[in-house]
Amino acid sequence: MAKVELQPKSGMKLGINGLGRIGKLTLWHHVARKYFSEVVVNIGRKAGTSLRDLALYVEKDSTYGSLGGYLYGFRGGSVINHIDEKKGTMDIDGTKVKFLQETRDPSKIEWEDNGVRLVVDTTGKFRDPTEPPDSPKGALRGHLEAGAEKVILSAPFKIKDQSRAMPDDAVTTIMGINEDDYDPALHCLVSAASCTTTCLAHMMKPLIDYFGAGRILTASMATVHAVTSSQEVLDRMPPAGATDLRKNRSVFNNIILTTTGAATTLGLVIPEMKRIGFIAESVRIPTTTGSLVILVVNLLEEPFSEPIRREVINWIYKQAAGKDPRGYLHYSEKQYVSSDIIGLPRAAAIIEANETHTRTAEVSIDIEKVCRMAMENSPPAEEALRPINIAITQAVIYGWYDNELGSYVNMLADRTVSIAECM
């Protein structure tokens, strides 16, 4: 198969800060997409002994194979050439990529000198939108000080000082959920939430759209999540002050309980979630990517209606997936394992319909105890309000997502291009 030479769709340059898992795969995506004329990547330090060592890191990936294979399948060979050690540049499948290695402080990165107006920060280090650009340890706003006009964060915002409110120029969006909340005239800091919140939002929204938030009494989620680079390969002694000792245990040998901020972030992209009691938990397992959300919702049944069955839940998702013009939500009646969904483009959530389950039960409620108030003109004891019965259905839904390239990076890139279109 011959390589197809594509011309950039815009004359813009894209800046990427960080070249970890999300940064590297973001570079892969945009090299393939050919929207930006040039990509400038800041890694903030020297890597290996030469730029060729950095090229090798970019070209090969233990999870997704080679960059050439990603671009052109089994006929793909090396796609990196014209490596210029002095200029810090290389040609990757026809796209010029320049690497900056001088500083990690966003305010000192040479975005303006390199003509970069749009930056994606993938480091995970600068998440507080309230910190000033000259913060001693660096800050997300530093990119604006360095010449960028818009900054996209590949993680949820995290405000350290809880007394501070979210700045007016910062917004959290998920493609296909609330992307229109982004106002080009107002917002310069945009969080693309997290991989888990992205999947969860696409699982919750069809239910809210169909039932309404008032009928969803409670919800809970557990994500069975692949490891991330924040975990340890082998057991290590915890640092001073560490309270979660599990983070220092080997990812190879353990199932590790941890936390997730998905519940908090979900309320930012789906405001109706603030009315619903919600719990989110996370379990890390020894796989490199491919994760699963197990969603449990408790739904209030309507009087004199048929109980909500699994067929109804699956129908809701099938209809929602069919109406999704970009295919972010997938509905499937196939049986999956985690490796099956790795790399599947833009699949925010893949509903495995065979595993949807529902159970309906009646709950007796004593009105007087619930209200905890004396009733005026109380009737005689024999006529007192009797307990009433309400029916509640519990539904369990499974949604797969590739927490790296397939789901999150592809949707992050869609957000990036949509913002670039408005600049």
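Here's the yes/no breakdown for (1) modelled with pLDDT under 90; (2) part of a helix (DSSP H, G or I); (3) assigned by TED's automatic domain parsing to the domain that holds Leu217; (4) under 18 Å from Thr196 (Cα atoms):
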{"position": "Glu311", "(1), (2), (3), (4)": "no, yes, yes, no"}
{"position": "Ala320", "(1), (2), (3), (4)": "no, yes, yes, no"}
{"position": "Ile351", "(1), (2), (3), (4)": "no, no, yes, yes"}
{"position": "Thr360", "(1), (2), (3), (4)": "no, no, yes, no"}
{"position": "Val370", "(1), (2), (3), (4)": "yes, yes, yes, no"}
{"position": "Arg386", "(1), (2), (3), (4)": "yes, no, yes, no"}
{"position": "Tyr398", "(1), (2), (3), (4)": "no, no, yes, yes"}
{"position": "Ser418", "(1), (2), (3), (4)": "no, yes, no, no"}
{"position": "Met423", "(1), (2), (3), (4)": "no, no, no, no"}
Across segment 310-329, which residue is nearest to Tyr70 (Cα to Cα) among those that are buried (at least 18 other Cβ atoms within 10 Å of the Cβ) and touching a Lys or Arg at 6+ places or on another chain (Cβ under 9 Å)? Tyr328
Within segment 178-230, the residues that are in a strand (DSSP E or B) and not assigned by TED's automatic domain parsing to the domain that holds Glu281 are Leu189, Val190, Ser191
Note down all Cβ pairs under 7 Å where the first residue falls in segment 310-330 and is of a type in the set (D, E, K, R), the second is at pLDDT 95 or above, and they're at least six residues apart or on different chains. Arg310/Thr356; Arg310/His357; Arg310/Thr358; Lys318/Tyr331; Asp324/Gly176; Arg326/Gly176
Do we find that Ile92 is crowded, with 20+ Cβ neighbours inside 10 Å and either on the phi > 0 side of the Ramachandran plot or not charged (D, E, K, R) (or both) in this structure? yes
Any chance segment 124-139 includes a residue that's among the hydrophobic types (A, V, I, L, M, F, W, C), touching an Asp or Glu at 6+ places or on another chain (Cβ under 9 Å) and not in a loop (DSSP other than H, G, I, E, B)? no
Looking only at segment 289-309, which residues are of a type in the set (S, T, N, Q) and modelled with pLDDT of 95 or more? Thr289, Ser291, Asn298
Please specify each residue of segment 24-83 satisfying the condition of being surrounded by fewer than 18 Cβ atoms within 10 Å (Cβ to Cβ), of a type in the set (Ser, Thr, Tyr) and under 26 Å from Asn403 (Cβ atoms). Tyr57, Ser62, Thr63, Ser66
Residue under question is Tyr331, and the condition is that it be assigned to a loop (DSSP other than H, G, I, E, B) and among the aromatic types (Phe, Trp, Tyr); does it hold? no
Just checking, which of Glu301, Glu232 is of a type in the set (Asp, Glu), in contact (Cβ under 8 Å) with a residue 60 or more places away in the chain and surrounded by fewer than 20 Cβ atoms within 10 Å (Cβ to Cβ)? Glu301
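Just one of Ala201, Ala170 is closer than 25 Å to Glu110 by Cα and buried (at least 20 other Cβ atoms within 10 Å of the Cβ); which is it? Give the steps one after another, and end with the answer.
On the way: Ala201 fails: closer than 25 Å to Glu110 by Cα.
Within the list Ala201, Ala170, the selection yields Ala170.
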Scan segment 26-55 residue by residue and report those that are in a helix (DSSP H, G or I) and under 21 Å from Pro106 (Cβ atoms). Thr26, Leu27, His30, Leu54
Can you tell me how many residues within segment 105-120 are touching a Lys or Arg at 6+ places or on another chain (Cβ under 7 Å) and crowded, with 18+ Cβ neighbours inside 10 Å? 2
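The values are calculated or read from the model by the stated rules, or taken from the named source; none is laboratory data. Quantities reported herein were computed from a predicted structural model and do not represent experimental measurements. Note that each Cβ is placed from the backbone with ideal geometry, even for glycine, and that neighbours are counted across all protein chains shown.
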